[in-house]
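Visitor: Could you have a look at this structure, given as structure tokens, before my questions?
The values are calculated or read from the model by the stated rules, or taken from the named source; none is laboratory data. Keep in mind that what you see is a predicted model, and the values were worked out from it rather than measured. Please note: Cβ atoms are built from the backbone with ideal geometry, for glycine as well, and neighbour counts cover all protein chains shown.
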Amino acid sequence: MFKRNTVHIILERLKEKRRHIQVITGPRQCGKTTIAKQIMDTVKIPCHYVSADEPILKERTWIEQQWETARWTLGKHPKTSLLILDEIHKIHGWSESVKRLWDEDTLKGNRLHVVLLGSSPLLIHKGLTESLAGRFEIIHVTHWSFDEMQKAFGWDVDEYIYYGGYPGSATLINNHIRWANYIKDSLIETTISKDIFHMTRIDKPILLRRVFELGCLYSGQVLSYQKMLGQLQDAGNTVTLAHYLKLLESAGLIAGLAKYAGQKVRQRGSSPKFQVMNTALITAQQSSSFSDAKKNGEFWGHLVESSVGATILNKIKGKGIDLFYWAGNNREVDFVICKGKSIIAIEVKSSRKKTNLPGIELFSKEFNVKKKLLVGENGIPIQEFLTVPIERFFD
């Protein structure tokens, strides 16, 4: 059975003498629950797995009951045992209960390992920072990469570019309508209605959905907030749009890349470049089938660039690497990745007609660029770029 790298990371953490609460967070359908069950199948210690994602309303007492059940197993295996709480963020006040129980075990010397899973990063992060400072380690789970989909399902690079990285949809790709409905109903709608709407108060829910649709339509393109206001009805103001875009990114749907300017203040004020985090979000909302999309050079080029951007965005998660774009004087750099003071400029060569000319040379005159990469025709093949760890380019 294929195992994601996250499984191996958790297994290594369980071997360490110093205890931390392992927090696995990421978008829906990225395999968090499967990871937890693979961990349980691998470790040779007592395990107790439960999920708060059930129809019965749960309160903090439920956490204590599950914790006591896991403690009970220590009587059978006194050295260590494992407790996995899935969808923990759905219980109000969960972090205070976890803190109290964790501190009790620490004081008593109980070797109870705890793994928390959640698909709402904002709610998870809020609980961690409010109550569990110094007690946890976040492990980010992202959309599946090309090499993972290839190993698990035998996909080629074109299938990945079109169908994206949702493993749960892999068995449906031979029926485009079923596949598209699965993405729209089980992933997009569920993420927006159950995750985002529960993160925070949304005054304009229809607007948030329109921002998402706009982000998918213009993925790979820069669109100012003023232009967005012109395309949206009842759009409120630019602050609202920026906030909704941030929520969509937190949920693993779309991001708004900032323009690289070398100064954080200027970056925050730039027009965003839309970037889907999974190309299935684009194709599931289009009428073009896989074969039709490949025949449409403009649209296919749009997917290729979005796939490259999504790959970078997912692979840099939690690694201290930032992703930007750059534009100036009618020239553009598709992607700019930064690690500390090291800057790498990336141009994607696809069949899409661009409004701006390549701008790596102009960008390099303004900033100290470590590497200039061309991805696609006459450069690094798309398939190879999608499989290489981003950190390797900084070597």
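Visitor: Given the criterion acidic (D, E), free of Cβ contacts under 8 Å to residues at least 60 places away in the same chain and touching a strand residue (DSSP E or B) at 6+ places or on another chain (Cβ under 8 Å), identify the matching residue among D53, D41.
Guide: D53
Visitor: In the stretch 289-310, which residues are within 26 Å of I139 (Cβ to Cβ) and exposed (fewer than 14 other Cβ atoms within 10 Å of the Cβ)?
Guide: none
Visitor: Taking the options I63, I21, I35, name whichever one is under 30 Å from L281 (Cα atoms) and β-branched (V, I, T).
Guide: Matching residue, one of I63, I21, I35: I35.
Visitor: Within the stretch 138-154, identify whether any single residue is farther than 23 Å from A293 by Cα, of a type in the set (S, T, Y) and surrounded by 22 or more Cβ atoms within 10 Å (Cβ to Cβ), and answer yes or no.
Guide: yes
Visitor: Of (1) within 19 Å of Y218 (Cβ to Cβ); (2) in a loop (DSSP other than H, G, I, E, B), E298 satisfies all except one. Which?
Guide: Of the numbered conditions (1) within 19 Å of Y218 (Cβ to Cβ); (2) in a loop (DSSP other than H, G, I, E, B), the odd one out for E298 is (2).
Visitor: Among L281, L313, which is more than 17 Å from E159 (Cα to Cα) and surrounded by 15 or more Cβ atoms within 10 Å (Cβ to Cβ)?
Guide: L313
Visitor: Can you find, within the stretch 221-251, the residue that is farthest from S307 (Cα to Cα) among those that are at pLDDT below 80 and touching a Ser or Thr at 6+ places or on another chain (Cβ under 6 Å)?
Guide: Y225
Visitor: Among residues belonging to the stretch 188-238 that are in contact (Cβ under 8 Å) with a residue 12 or more places away in the chain and small (G, A, S), point out the one that is farthest from S169 (Cα to Cα).
Guide: Residue satisfying both the conditions and the ranking: G236.
Visitor: Let me ask something else about it. Find the residue count for the stretch 160-179, including only residues that are part of a helix (DSSP H, G or I) and over 20 Å from the mean Cα position of the chain (by Cα).
Guide: Number of matching residues: 6.
Visitor: Scanning the stretch 67-96 for residues that are assigned to a helix (DSSP H, G or I) and crowded, with 21+ Cβ neighbours inside 10 Å, which turns out modelled with the lowest pLDDT?
Guide: Restricting to residues being assigned to a helix (DSSP H, G or I) and crowded, with 21+ Cβ neighbours inside 10 Å, the top hit is H89.
Visitor: Between residues in the stretch 127-139 that are without any contact (Cβ under 8 Å) to a residue 40 or more places away in the chain and under 16 Å from L101 (Cβ atoms) and residues that are β-branched (V, I, T) and buried (at least 20 other Cβ atoms within 10 Å of the Cβ), which pairs lie under 9 Å by C-beta distance while being six or more apart or on different chains?
Guide: G127/I88; G127/V98; S131/V98
Visitor: Tell me which strands (runs of 3 or more DSSP E) are completely within the stretch 330-395 and hold 3 or more residues being touching a helix residue (DSSP H, G or I) at 6+ places or on another chain (Cβ under 9 Å) and surrounded by fewer than 14 Cβ atoms within 10 Å (Cβ to Cβ), or say none if there are none.
Guide: Where strands (runs of 3 or more DSSP E) fall fully within the stretch 330-395, none carries at least 3 residues being touching a helix residue (DSSP H, G or I) at 6+ places or on another chain (Cβ under 9 Å) and surrounded by fewer than 14 Cβ atoms within 10 Å (Cβ to Cβ).
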